[in-house]
Amino acid sequence: RCGLDLLDPVERTRVRAAIEQARDEGRAFTLVPSEFQHKGGYPVYLESSGMPLVAADGTVQGYRGVTREISQRRRDQLTLKLQAERAEALLALSKLAEEQTEARFLQQALDLAEGITTSRIAFIHFIHAEDEIIELAAWSTGTLASYCRAAFDKHYPIRRAGIWADAYRQRRPVKCNDYPA
């Protein structure tokens, strides 16, 4: 079985086009990382390089190449990218804190958090423990446009707030990746 057969159809088309272009130009090639799904369900990244095998008459007969696994390097690159995005967000937040109202600041902070985490929904609730009340404080712009139908002035008793009050009850941050449930 050809190595290209292991790629998904879109990636296979991209890789084949790059190899054919290099062949037509009679030059070596290095392909940007290709992503494979390991049978364990996690991504594996491979990088391939090759050189044309040229016959005496100058025609390209094929390629000789090497493929390397670069999964750790790819993870390291993604980690560095995320750290840079977080640092930029923190710098932006300090500037926004000086320029915006509290409500606008919270919303923009959630927009930044949503972008960094690739979440589709971000929100902040304030908890008034002495009154046992949970208050909707801010939703990200995307959440307001696509998901949220709640009013900002709504207050709920903590005992009826369900998942919204889990952070308060558990005394730690809560991630919820199943908004409909």
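The values are calculated or read from the model by the stated rules, or taken from the named source; none is laboratory data. Given the structure is predicted, the values throughout are model-derived calculations rather than measurements. In this analysis, Cβ positions are derived from the backbone assuming ideal geometry, glycine residues included, and neighbour counts consider all displayed protein chains. The protein model used for the area step is the full one, side chains on, heavy atoms only, and it has no ligands, DNA or RNA in it. Shrake-Rupley method; radii C 1.70, N 1.55, O 1.52, S 1.80 Å.
Some points to look at:
- Close amide H partners of Ile133, meaning residues 5 or more places away or on another chain with modelled amide H under 5 Å apart, are His128, Ile158.
- Degrees, to the nearest 10: 102-117 long Cα axis against longest axis of the chain: 30
- Nearest 10 degrees, 0 to 90: helix 9-25 Cα axis against the chain principal axis: 40
- Residues of the range 9-149: accessible area per residue with a 1.4 Å probe, Å²: 66
- Whole-percent carbon and sulfur share, accessible surface of the range 96-150, 1.4 Å: 51
- Computed from Cα positions, the angle between helix 71-99 and the longest principal axis of the chain comes to roughly 40 degrees.
- In this structure, the amide hydrogen of Tyr63, modeled 1.01 Å from its nitrogen in the peptide plane, lies closer than 5 angstrom to those of Leu53, counting only residues at least 5 positions away or on a different chain.
- Potential extension, Arg73-Glu99 segment - 0.36 nm per residue separation minus Cα distance: 5.4 nm
- Among the lysines of the chain, pairs that are 8 or more positions apart or on different chains and have alpha carbons within less than 28 Å of each other number 6.
- Between Ala145 and Ala92, the C-beta separation translates, for a Förster distance of 22 Å, into a calculated FRET efficiency of about 0.60.
- Leading residue at positive end of dipole, the chain (Cβ point charges), from Leu96, Ala138, Gln170: Gln170
- The chain - mean residue ellipticity at 222 nm from DSSP helices (-39,500 (n - 2.57) per run, n ≥ 4, rounded to 500): -13000 deg cm²/dmol
- Debye, to nearest 20: dipole size of the chain, +1 on Lys, Arg Cβ, -1 on Asp, Glu Cβ: 600
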